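Here is the structure we will look at.
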Amino acid sequence: MIRVLSLLTGLALLAACTAATPDEPLEDLGAFKLGHNVVVATKAQKGPISRDATAEDWETALKAAVGERFSRYQGDQFYHLGISVEGYMLAPPGVPVIYSPKSALIINVTVWDDASQTKLNPEVEQFTVFEATTGESWLMGSGNARTKEEQLMGLSRNAVGEIEDWLVEQHKENGWFAPRPDAETATGTPQAPVKPAQG
C-alpha cells in the first residue's frame, strides 16, 4: 500500500499521454475474442491528492472501456481479462499552471485462456496509466477542466489502450491468441468467470 501511494504522489505533477479512443483501427490479435470482463477495485488505494471515487465507479468505467474496445475483436477463441485497480489519483481543482496535478491509475492485469482455463501470464502485468492532456487541461489543470466522470473515462480508455498494446506484443512475440482447433469455443458460451488480478 505504501509503495502504491508513494508512486501516486510522485506522479501527481507529471505530463500525460495522448488520448485513446475505442474506435481506432483494430490491431492483430489473432483468434482473440473477449470472454469474461472482470474488474475489481475494492482494494484500490486513493492517492493523497485526489478526488474520491468508489470501487463501483472504477469497476463500471473500466468494464465499459474494456467492453467497447475488445468486444470489436471477432476471433473464434475466448480469452478473459481480469483487472484489479491497485491505486488511483483523480486530480482535484488546483491553481492553473502553478499547481496542476495530473490524474493517474495503477492496475494489475491477468489474461486467461478459456479453453484450458489457465493464465497466459503467471505473474500479473502492472500498468501505470496517465490521463490525456489537452491545451485546456494543461493550462487550467485537469481538476478544473474535467469532471470526475470525464477523468474516470479518460483513464479507463487509456488503460485499455496500454493493455491492447501489451496483448499485441505478446501475440507477436509469444504466440498468444494463435488459432488452435481445440480452442475454438467462441460459438458457444465461455466457461466460469476468472478470478481478478490481485497484486
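Along the stretch 85-90, what does the Karplus equation 6.51 cos²θ - 1.76 cosθ + 1.60 (θ = phi - 60°) give for ³J(HN,Hα), rounded to whole Hz, x for Gly and Pro?
Karplus-based 3J(HN,Hα) across the stretch 85-90 equals 7, 8, x, 7, 9, 9 Hz.
Please give, to one decimal in nm, the separation of the simple spin-label points placed at residue 26 and residue 172, each 7 Å out from Cα toward the Cβ.
Result for the modelled spin labels: 1.9 nm.
What list of ³J(HN,Hα) couplings, whole Hz, do you get for the stretch 114-121 from phi and the Karplus terms 6.51, -1.76, 1.60, once you set θ to phi - 60° and write x for glycine and proline?
Working through the residues one at a time gives 5, 4, 9, 6, 10, 7, 7, 10 Hz.
Past 23 Å, Cα to Cα, is the threshold; run 43/148; 63/172; 119/148; 102/148 against it and keep the listed order. Walk me through the numbers on the way to the answer.
Details: 43/148 19 Å; 63/172 26 Å; 119/148 34 Å; 102/148 12 Å.
Too far apart for the 23 Å limit: 63/172; 119/148.
Using the Karplus equation 6.51 cos²θ - 1.76 cosθ + 1.60 (θ = phi - 60°), what ³J(HN,Hα) coupling, rounded to whole Hz, does each residue of the stretch 168-177 give in order, writing x for Gly and Pro?
3J(HN,Hα) across the stretch 168-177, in whole Hz: 4, 4, 5, 5, 5, 8, 10, x, 4, 6.
Read-outs: derived from the displayed coordinates by stated rules, not from any lab. No experiment lies behind these values; they were computed from the predicted model shown. Heads up, the Cβs are rebuilt from the backbone with ideal geometry, glycines too, and the neighbour counts pull from every protein chain shown.
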